[in-house]
1. At a Förster distance of 22 Å, what's the computed FRET efficiency of residue 63 paired with residue 90, Cβ-Cβ distance as r, to 0.05?
2. For labels at residue 53 and residue 109 in the simple 7 Å Cα→Cβ model, what's the distance in nm?
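Quick note: the coordinates plus some simple rules give every number you see, no bench work behind them. Just so you know, these numbers come straight off a predicted model, no measurement behind them. As a convention, Cβ positions derive from the backbone with ideal geometry for all residues, glycine included, and neighbour counts pool all protein chains shown.
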């Protein structure tokens with residue numbers, strides 16, 4: 001079932017002209033976009049947290065992935081056995097991720113000094 005969803009998403013991306021290779025090329029050439037930098041750090045929702053690290057990895061739903069950010073509103077996650085593109089919006093200090101049709105809003109907590 002998960003494989004079918006990934007296949008459908010990949011097919012949709014390819015039909016739009018957004019190959020997953022463009023994400024890999026962006027990361028492998030060391031190009032860091034404004035969107036990429038603005039996501040760095042730890043984000044919190046009511047149920048979980050996610051951390052975008054400086055080394056290009058993310059801890060998401062208990063797993064570690066490499067990530068790349070497109071300026072088209074997608075975060076490409078690549079793991080050992082899977083790859084997934086997640087639509088996102090960053091607005092007003094809130095990060096909204098849409099996974100399997102469900103949107104989750106994350107915010108950053110400021111560290112106390």
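1. Numbers: r = 22 Å, r/R0 = 1.00.
Once the sixth-power term is evaluated, E becomes 0.50.
2. Result: 2.1 nm between the two label points.
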